[in-house]
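Below is one structure; the comments refer to it alone.
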Amino acid sequence: MAAKQIFLLNGPNLNLLGKREPDTYGRTCLEDVVQLVEQTAKEYGYEIAHYQSNHEGDLVDYIQEAQDKAEGIVINPAAYTHTSVAIRDAISAIELPVIEVHISNVHRREPFRHESLSAPVCDGQIVGFGVDGYRLATLGLIEKIKEGRRNNE
Ligand code: CA2
């Protein structure tokens, strides 16, 4: 039987993780983040499907695709967090738990990063724990999957 899947989605510029701006985003690269999430998920019998894109429409496509292929989503929409009605609508439309994660503490940064358009339609948000936030978000998501319902219901 195929293992249950979690979609891990990363938005624009996160492919640069570990390669630029280490003071803000740390020195861990995206491949290592994916491995961390895979290890965490595996302990609970889940596999990870990871997608990173710099394009808003791709992220909308992956969110829609998750509906039939995954049990839930961990997403860092990156800059689209603060601008994308399309990503918010895609998250709102699916019937799966979704946890939003941010590496940096966005609330300590510029005011435009304080608002997330997507957080109100997610089931939870993890902010400011560095890349370990992805592991925490995965554990939180697995709890939500067990509960079997979404927060916004
Ligand atoms: O803290 C986060 O995880 C963010 O989602 C990261 C986004 C930022 O726009 C959000 O406000 C908060 C930026 C991702 C860019 O990632 C980079 C990584 C390394 C070097 C340059 C950019």
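The values are calculated or read from the model by the stated rules, or taken from the named source; none is laboratory data. Computed from a prediction, not measured in an experiment: that's the story for all the values here. Heads up, the Cβs are rebuilt from the backbone with ideal geometry, glycines too, and the neighbour counts pull from every protein chain shown. Calculation scope for accessible area: heavy atoms of the full protein, side chains included, ligands and nucleic acids excluded. Shrake-Rupley method; radii C 1.70, N 1.55, O 1.52, S 1.80 Å.
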**Request:** State the percentage of accessible surface on region 4-147 attributable to carbon and sulfur atoms; use a 1.4 Å probe and exclude ligands, DNA and RNA.
**Result:** 45 percent
**Asked** Going by average Cβ neighbours within 10 Å, how do the peptides 42-50, 16-24 rank, with the highest at the top?
**Response** 42-50, 16-24
**Request:** Return an integer: the convex hull volume of the alpha-carbon atoms of the chain, in Å³ per residue.
**Result:** 98 Å³
**Prompt:** What percentage of all Cα-Cα pairs in region 4-60 are separated by more than 18 Å?
**Reply:** 40 percent
**Request:** Using the Cα centre as the reference, give the magnitude of the dipole from point charges on the C-beta atoms of region 1-99 (Lys, Arg: +1; Asp, Glu: -1; all else neutral), rounded to the nearest 20 debye.
**Result:** 220 debye
**Prompt:** What is the sum of charges around Leu17, taking Lys and Arg as +1, Asp and Glu as -1, for the other residues whose C-beta is under 12 Å from the C-beta of Leu17?
**Reply:** 0
**Complete:** Per the charge dipole of the chain (beta-carbon charges, Lys/Arg positive, Asp/Glu negative, Cα centre), the residue among Leu59, Leu96, Gly45 reaching farthest to the positive end is Gly45
**Complete:** Residues whose built amide H sits under 5 Å from the amide H of Gly72, excluding neighbours closer than 5 in sequence, are Phe7
**Fill in**
Charge tally for neighbours of Val98 with beta carbon under 10 Å away, counting Lys, Arg as +1 and Asp, Glu as -1, is 0
**Request:** Starting from region 54-115, pick out the GluC sites (Glu not before Pro) whose DSSP state is loop and whose Cβ has at most 13 other Cβ atoms within 10 Å.
**Result:** Glu95, Glu115
**Phi to ³J(HN,Hα) by Karplus 6.51 cos²θ - 1.76 cosθ + 1.60 over region 55-61, Hz, x for Gly, Pro** = 10, 4, x, 4, 5, 4, 4
**Item:** Normalised contact order of the chain, rounded percent, pairs of Cα under 8 Å and 6 or more residues apart
**Value:** 26 percent
**Request:** Compute the accessible area per residue over region 4-147, keeping the other protein chains in place, probe 1.4 Å, unit Å².
**Result:** 49 Å²
